[in-house]
DNA sequence: TGAATGTGTGGAATCGATTCCACGGAATCG
DNA sequence: CGATTCCGTGGAATCGATTCCACACATTCA
């Protein structure tokens, strides 16, 4: 491997000068710079970023720990983070926690050992000792999509309260009587938040949300099927269901499609709505009512906030709004008024 | 920050001994090891992976450069790679080339500078001077999903020839007369391969594939719409179309959905089939015929091959088969025989 | 019992770059 | 015109860990 020493030798200068020439230091004569650059090119020199990072502080790398890479929402988030990071000259190391707190900790630890300049995390749990400790030690940290109560770090979240309220209003005014929710695990902040926004919205219409109408999935595809099946198994079944993320929605729709004869008709006897909008929702029949999150914006803002933090600029929490996309799956069929 | 020197001091030993104790070196007395471990725990010592990598060779990191992270196929691939890598104790740095050869080169360069132990690349182009050079220099490299003629590196590809042949047979025997293809850019090896398998399969039935029936998209969603629109714009339109990847299929279906009145009926007057199967294809009506790739297996094998290569074990190319999933979108409606 | 081998430990060299410091010469300033 | 600042450069220290080497001591073997 050719090192900077070799380049310096070939150019007839000291290693220190070669380094200055190649990293664009101000006080370098054009003549020397040209000689060094020529030598570097001739020797096909590739700087060793590991050595560089050791001496100078900073790796120009940020770590991203997401809770489930297979969920298209996080894919898009990761993509946005990667994009924004690259534009700022940073690389991204991605860790997939798979909704498992232990695996999340594993990645946080690894990434910190790798001396990432900062960390963007979608916390799988609301309380995490390791994240708490990292924030306390002054590691640069930004939380995204889900809050974490005990971690002292800024967060960027999608605030779905208004959209959820609007959705519930729509369900109630179109005559739905028995409204259920399939939400995520209680340990996830986003899950709790969506549930309470939902409950509050129902309360405004003086509707309670009985425990039997709250199902906790794990945010993964298969739990969408299972939990919907559970809801439909009783002898009194709901006439509307709100699914708290896209992956579980896929599972739920699959359940409906594979049990077409036994399952209630959508939207006639069952309204379906989803938190998180996916491109193919409008290709289904009926098309699927969904709440659209500002996914890419979340990723971009997370990176901006992290870079601010790294640069020592002040950073505060941020909430981005969501938009309700009313489609066929929550429509009362024509003429069936009550 | 606490360094190993501090731990050594606290434990009353030399840094070299501390290092041996913590890295599980064989000749260390249990007593000393215990003292060092206690000190490390007490000081909350976190080893600096950058420094470690500089001295010892290897970063236990592999680089993955994919051509388009938003394509669910690559998401799943990335997920599989990440999974297999983690199990082997490696981290993954992901770069997204966005189907742009320049961006691909950018990432390959960055990742090599970061001293990744190996590189898994989905090449955007069939010939890449930088990859060629990297392979020549002996950097560990594995290509996945698409071949690259001039790069001396092992590859893992999904071989769709049989499935494509089967599909074409099915289209021809169910009476389709005018069969078209929307493939990817010519620079992508996978695109060329799918096109030629398709052409060969037609040729067996003595069917030519006229230039007007071959549309080149860019593998992205929007080009699916545009190219299908172009096919349907002429005064003679095809009665079957094969879309060469999932993202373009999404665009194509969107086009059909938004032009429902003007567009031909599927499958009655237009059969639609896709290379790459996505979970929601069977939720559409009509459900979508697709060729399923062994996506996760591709990712796993790529990692295994890369690790073999790093360990100096011999590695050879691999081809994994695909499966045709016949669904409604290519079915002749009952009674409309010819 | 003497030689050979093995074990546990400390000190110093090392990985490859950046950066601090010093120094000579040029430019600037009062 | 002497003093100060600035510029360009080389040599050496440095980042934090691992690993080579040497040495003291214990063990094994012939």
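The values are calculated or read from the model by the stated rules, or taken from the named source; none is laboratory data. From a predicted model like this one, the values you see are computed outputs, not experimental measurements. So basically every Cβ, Gly included, is an ideal-geometry build from the backbone, and we count neighbours across all protein chains shown.
Taken over region A:88-118, the residue count meeting the criterion of being in a helix (DSSP H, G or I), closer than 19 Å to residue A:310 by Cα and in contact with a helix residue (DSSP H, G or I) (Cβ under 6 Å, 6 or more places away or on another chain) is 2. Somewhere in region B:280-293, is a residue without any contact (Cβ under 8 Å) to a residue 24 or more places away in the chain and assigned by TED's automatic domain parsing to the domain that holds residue B:222? Checking region B:280-293: at least one residue is without any contact (Cβ under 8 Å) to a residue 24 or more places away in the chain and assigned by TED's automatic domain parsing to the domain that holds residue B:222. Condition (residue is closer than 30 Å to residue B:152 by Cβ and crowded, with 19+ Cβ neighbours inside 10 Å) applied to region B:255-274: is it met by at least one residue? The answer is no; no qualifying residue exists. The selection criterion, being surrounded by 18 or more Cβ atoms within 10 Å (Cβ to Cβ) and more than 26 Å from residue B:116 (Cα to Cα), does not hold for residue A:40.
Answer with yes or no whether residue A:153 is assigned to a loop (DSSP other than H, G, I, E, B), out of contact with any strand residue (DSSP E or B) (no Cβ under 9 Å at 6 or more places or on another chain) and over 30 Å from residue A:268 (Cβ atoms). So that I can check it myself, show each step before the final result.
On the way: assigned to a loop (DSSP other than H, G, I, E, B): yes; out of contact with any strand residue (DSSP E or B) (no Cβ under 9 Å at 6 or more places or on another chain): no; over 30 Å from residue A:268 (Cβ atoms): yes.
When the stated conditions are applied, residue A:153 does not pass them.
For every residue, the table says whether it meets (1) assigned by TED's automatic domain parsing to the domain that holds residue B:178; (2) closer than 12 Å to residue B:180 by Cβ; (3) buried (at least 18 other Cβ atoms within 10 Å of the Cβ).
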{"position": "B:200", "(1), (2), (3)": "yes, no, no"}
{"position": "B:205", "(1), (2), (3)": "yes, no, no"}
{"position": "B:220", "(1), (2), (3)": "yes, no, yes"}
{"position": "B:235", "(1), (2), (3)": "yes, no, no"}
{"position": "B:238", "(1), (2), (3)": "yes, yes, yes"}
{"position": "B:244", "(1), (2), (3)": "yes, yes, yes"}
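If you take the residues in region B:38-50 that are within 13 Å of DNA strand D (Cβ to nearest atom) and within 14 Å of residue B:13 (Cβ to Cβ), which one is nearest to the other protein chains (Cβ to nearest Cβ)?
Restricting attention to region B:38-50, the residues satisfying the condition of being within 13 Å of DNA strand D (Cβ to nearest atom) are B:39-40, B:43-50.
Next, only the ones that are within 14 Å of residue B:13 (Cβ to Cβ) stay: B:39-40, B:43, B:45.
Numbers: B:39: 18, B:40: 13, B:43: 12, B:45: 11 Å.
Among residues in region B:38-50 that are within 13 Å of DNA strand D (Cβ to nearest atom) and within 14 Å of residue B:13 (Cβ to Cβ), the one nearest to the other protein chains (Cβ to nearest Cβ) is B:45.
Of all residues assigned to region B:207-214, none qualifies as being assigned to a helix (DSSP H, G or I), within 22 Å of residue B:71 (Cα to Cα) and more than 14 Å from chain A (Cβ to nearest Cβ). Do we find that residue B:70 is facing chain A (nearest Cβ under 10 Å) and within 27 Å of residue A:117 (Cβ to Cβ) in this structure? So residue B:70 fits the description; yes.
Taking region A:51-67, which residues are surrounded by 20 or more Cβ atoms within 10 Å (Cβ to Cβ) and facing chain B (nearest Cβ under 10 Å)?
In the first step, residues of region A:51-67 are kept if they are surrounded by 20 or more Cβ atoms within 10 Å (Cβ to Cβ); the result is A:53, A:59, A:61-67.
Within region A:51-67, A:53, A:59, A:61, A:63, A:64 qualify.
The condition (being surrounded by fewer than 23 Cβ atoms within 10 Å (Cβ to Cβ) and under 17 Å from residue B:64 (Cα atoms)) is satisfied by just one residue among B:148, B:84, B:78, B:97: B:84. Only one of the listed residues (A:97, A:135) is without any contact (Cβ under 8 Å) to a residue 24 or more places away in the chain and touching a strand residue (DSSP E or B) at 6+ places or on another chain (Cβ under 9 Å). That residue is A:135.
Against the test of being within 24 Å of residue B:196 (Cα to Cα), away from chain A (no Cβ under 14 Å) and within 24 Å of the chain's Cα centre (by Cα), the options B:315, B:237, B:274, B:323 yield a single qualifying residue, B:323. Name the single residue that is nearest to DNA strand C (Cβ to nearest atom) among those in region B:13-24 being under 24 Å from residue A:50 (Cα atoms), away from chain A (no Cβ under 14 Å) and loosely packed, with under 14 Cβ neighbours inside 10 Å. For region B:13-24, the residue satisfying everything is B:16. Looking only at residues of region B:43-87 that are in contact with a strand residue (DSSP E or B) (Cβ under 9 Å, 6 or more places away or on another chain) and assigned to a loop (DSSP other than H, G, I, E, B), we find that the one that is nearest to residue B:121 (Cα to Cα) is B:67. Total residues in region B:1-12 satisfying the condition of being within 12 Å of DNA strand C (Cβ to nearest atom), more than 14 Å from every other protein chain (Cβ to nearest Cβ) and buried (at least 18 other Cβ atoms within 10 Å of the Cβ): the figure is 3. Considering (1) over 15 Å from the mean Cα position of the chain (by Cα); (2) at pLDDT below 95; (3) outside any loop (DSSP other than H, G, I, E, B), the lone condition that residue B:131 does not fulfil carries the number (2). Checked against (1) outside the structural domain of residue B:316 (by TED's automatic domain parsing); (2) within 11 Å of the chain's Cα centre (by Cα), residue B:56 meets all criteria but (2).
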